[in-house]
1. In percent, how large is the relative contact order of the chain, given Cα pairs closer than 8 Å and 6 or more residues apart?
2. Order the following by accessible area, largest value first: Arg208, Arg118. Probe radius 1.4 Å; ligands, DNA and RNA are ignored.
3. Carbon and sulfur atoms: what percent of the 1.4 Å accessible area of the chain do they account for?
4. Near the amide H of Leu220, under 5 Å away, which other amide H atoms are found, from residues 5 or more places off or on another chain, if H is placed in the peptide plane?
5. Residues with amide H under 5 Å of Lys34's amide H, sequence separation 5 or more or different chain, H placed in the peptide plane at 1.01 Å from N; which?
6. Shape of segment 1-111 from its Cα gyration tensor (a ≥ b ≥ c, root eigenvalues): rounded if a/c is under 1.5, otherwise prolate when a/b > b/c, or oblate?
7. How high is the relative contact order of segment 182-295? Use alpha-carbon pairs under 8 Å, at least six apart in sequence, and give a whole percent.
8. Spin-label point model (7 Å from Cα, Cβ direction): what's the Lys310 to Arg32 distance in nm?
Amino acid sequence: MKAAVKYERRKGAVKIFDLEEPKIGPSEVLVRIKSAAVCGSDLHAYEFLPGYQTPEETKIPVTLGHEWSGIIADVGANVSRFRPGDRIMGESVLYCGECRLCLQGRTNICERFLLTGRHIDGAMAEYFKVDSKYLHRIPDGLSFEEAATAQPLSVSLHAVVDNCVIAPGDIVLVFGPGVIGLGAAQVARMLGASTVIVVGLERDEKARLPLAKDLGFFPLASGSDLAQELMRLTGRAKADVVIECSGDSRNIARGLGLVARGGRMTIVGISADPASVFYTPIVRNEIQIHTTFNGTWNNYDQALRLMAEKKINMKSLISQHELTEVVRVFDAALECEMVKPVLCP
Ligand SMILES: [Zn+2]
Ligand SMILES: [Zn+2]
């Protein structure tokens, strides 16, 4: 079978290999992959720069891809909930289910988690195997491409629903018009935010900021005077909530400076660089800071239902490509020419 493999510990070093189909164990299912979306972390693996998640942890060679959907081709002897032919997608983080955090339901920060496509072979391949406990059924009417994006949408939902407070009428500013940011902006609006502003870089003006505008948000270039733009758009120079999804460490101090007294900031993006913050005004203004990572079973369930009910639109973010185009697609994604490329093996 064809698979997109990171084959050496250096920049680049991704190509299509012809591998054997995986052999399943008693609790696993074999999946015929229909869609495998490209994530920023696949691009980090492609570029192989230090700082994000230690590259040393990456199993090499490894089949990339952790945002996937497909059809069950075969089930192990102990699998009773699923059958061949079922349309499913799966969680990206394989949590242990037994550590202190898993037992609290916080499987997204399991102490012993394995990440698909990093610690174990991923889903940018014709076939993929996974334990059935990580599966979710795809609702009728939802495409495989959209279902694969339930993974990043689960991250946006966990950030905004579980690790932020949005009150009706709030002014919300989101840094980063990527998939997580555009998902977070949509969730914030769904929870009642009045004005949602999405801030991007110059390179985001190609595809991502226009898309933010199409989705009904106010797009702003990060070079502009954001306080002044906030004043122009809302009559107030500060936002009730700032959600940092860009992974640019400079946006931590900048974002905190744009939170109104008594407001909230949630940090989703990760960076290879440290951030420096003068925190006295943050304390005196009683600004709440939350961090958020991955998503839980419930966030996947929310993501699939909200897309199926057309309450959240991921479809407009997606472009479809052949699996064999993987390197060209990675290069184009690094140039921000695409918002959410999805590979179809
Ligand atoms: Zn991802
Ligand atoms: Zn665990």
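1. With pairs under 8 Å counted, the relative contact order is 19 percent.
2. Largest accessible area first, the residues go Arg208, Arg118.
3. For the chain, the apolar C and S fraction of the accessible surface comes to 50 percent.
4. HN-HN under 5 Å from Leu220: Val198, Val199, Gly200.
5. HN-HN under 5 Å from Lys34: Ser69, Gly70, Ile71.
6. It comes out oblate by the Cα gyration axes.
7. On the way: 158 pairs, mean separation 20.0, N = 114.
Relative contact order here is 18 percent.
8. 3.0
The values are calculated or read from the model by the stated rules, or taken from the named source; none is laboratory data. All values derive from a computational prediction rather than experimental measurement. Every residue, glycine among them, receives a Cβ derived from its backbone with ideal geometry; neighbour counts consider all protein chains shown. SASA here: full protein model, heavy atoms, side chains in, ligands and nucleic acids out. Shrake-Rupley method; radii C 1.70, N 1.55, O 1.52, S 1.80 Å.
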